[in-house]
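**Q** I have a structure I would like to understand better, so I am pasting it below and will then ask my questions one at a time.
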């Protein structure tokens, strides 16, 4: 997909140019070739990356095949590897993050574009964008020292008391857990979702709002009936952006997730993600099969990311059918 | 720490190495004009190492060595996985590691590698039981292995109680915390457990990353420490230096002579003293669970890896000079100041003899 997009944008000149101009302007041609080179380099780089991962993972692919995706053993000593808990952990922590971050950031975006007094809008938007500039290791440290103690003594026991009938909120509370990782991820992806949603909402024409208001809608009803539907494809795009970030986040997650190769129904239980496993084990992996298994994990992470993004684009196309703000950008 | 993790070292050149290639053209007479400012042949030594464990002592040594001799040593850190690969491929000239190379890795180098012990490290068992106060807990190897296997899950287990007479152990769940990242600390610790527990050896084994039967993974010494500190009833393992500088409580561990030994610089050095090194040893000896009444059983050498037949003899001589300097009492004292256990004198003499030959 990327390839076609890139090459289209490069090889389609806006209009046929008069030959004389082409000949006359040497600089233009150089400029064009430089840009072409730049654009082509992206798919080439991507292809090279995938190829390298594939080559690195060949040993593990030959030994474990597709069972790698469905088995759960991760034993570097016996050289038995299975990535199912990693894939599970990656997806679950990202979903938890989105469940928390989407309503929150969408709420903030709606407030900032529709309700907030002018003097508040810019400062708040700026502050939220600043969250995106914090390095993830700082989020991780903050998570260990501040967030986890609060969660373990306050939020988690409360959740267990209130919703303990759900398997999601049962079992012992350690602190580091799928839920802790999901919460830190939510905080980390929020600025992305919020900023993009806000831009999208700002781009909704005022006529939409005016029409709804003229029909007797309240401000709130105008947002729900006229603004959000118009902006939905862009908002979904914002969510996808956040999801992509959540899937690949490494440092903060590994510091908070508990790093256990296991699948548990409870969000209080520790888990593991693909990116975290690679970061933890790669630098000290000396066995060929161990290295290869980690490359295989990286390859799968790539596959998962591509699949999730493809699914998201399909969703956008179906929902938006090419209309509305932001759909063209996606 | 890193027992395995320490890392790799390259002597000079290679990083500056391209520079090295140019240098003859630039004129041999000014060959000491390298960016490093090194006064000997313009060669700097580049050491690549990884973890927090040996980090401090090598930094200190390089600094002191530069002041003493004018030879500056540059260093970087990478994991031992990549380090061993680079050492094998010859892109670095020497390395530093917490874990010895395997026979297969050595034969890939045609046997042209020597492990030179530099200092000793140890791993301690830390825990969070506020009710104990300052009394250190006592473990033996088998019990420790069963705790980390998840077979002993309560602090008031009868086996723990038997090891700790007079200590009132609470009826709390034991929360096991281990390193999630590959590390030399894990290597030493699992090496010890595999020696004292057949079950551990067959079910888990020893490596920088293993399949932990139970518990939570914390990233780095600090990750394990935070997790232990924050969880009532937690147990974990960290390197000795880290435990000392962070004032963590740590347990006394029973050695093969039946003594419960407190981890300290002395008891760690004692473990190396107890190691039986033959004159033709390759120094790749594990000193976990060493004999000797005073020996702390979860100790290990760390090594510099050098090539006895260096590709570049000038560089080889420089490395040798540094190692000789490092083995002097003065340099070993610097290690002790930073809470690294210095090598016992017989080991130093053995290394010196080996270097001379």
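No lab work stands behind these numbers, since they all come straight from the coordinates. What you see is a predicted model, and the numbers here were worked out from it, not measured in a lab. Glycine gets a Cβ as well: all are built from the backbone with ideal geometry, and neighbour counts include every protein chain shown.
**Q** Can you give the FRET efficiency to the nearest 0.05 for residue B:168 and residue B:229, using r as the Cβ-Cβ distance and R₀ = 25 Å?
**A** 0.70
**Q** For the range A:187-253, what is the Kirkwood estimate of the hydrodynamic radius, computed as the reciprocal of the mean inverse distance between distinct Cα atoms, to one decimal in Å?
**A** 13.0 Å is the Kirkwood radius here.
**Q** For A:61, B:319, B:298, what ranking results if the residue with the fewest other Cβ atoms within 10 Å of its Cβ goes first?
**A** A:61, B:319, B:298
**Q** Could you give the nm distance between label points at residue A:310 and residue A:213, where each point is 7 Å from its Cα heading toward the beta carbon?
**A** Using points 7 Å along Cα→Cβ, the separation is 4.5 nm.
**Q** Provide the gained length on full extension for the span residue A:288 to residue A:265, in nm with one decimal, where the gain is 0.36 nm per separating residue minus the Cα-Cα distance.
**A** Full extension of this stretch gives 5.0 nm more.
**Q** Would you mind giving the three semi-axes, in whole Å and largest first, of the ellipsoid equivalent to the protein assembly as shown according to its Cα gyration tensor?
**A** The three semi-axes for the protein assembly as shown are 51, 37, 21 Å.
**Q** So, one more: Among A:75, B:280, rank each residue by its count of other Cβ atoms within 10 Å, from fewest to most, as a rough exposure measure.
**A** Result, fewest neighbours first: B:280, A:75.
**Q** Compute log10 of I(q)/I(0) for the range A:86-320 with the Debye formula, placing one identical point scatterer on every Cα and leaving out solvent, at q = 0.11 Å⁻¹, to two decimals.
**A** Treating every Cα as an identical point scatterer, log10 I(q)/I(0) equals -0.65.
**Q** Follow-up question, since we're still on this one. R0 = 30 Å: FRET efficiency of residue A:45 with residue A:124, Cβ-based, nearest 0.05?
**A** 0.20
**Q** I would also like to ask the following. Using the basic label-point model (7 angstrom from Cα toward the beta carbon), what is the residue B:337 to residue A:161 distance in nanometres?
**A** Between residue B:337 and residue A:161, the simple spin-label model gives 5.5 nm.
**Q** Here's something else I'd like to know. What order do you get for A:199, A:67 when you list them from fewest to most C-beta neighbours inside 10 Å?
**A** A:67, A:199
**Q** Now, a different point. Under a crude label model (7 Å from the Cα following the beta-carbon direction), how far is residue A:78 from residue B:103 in nanometres?
**A** 2.3 nm
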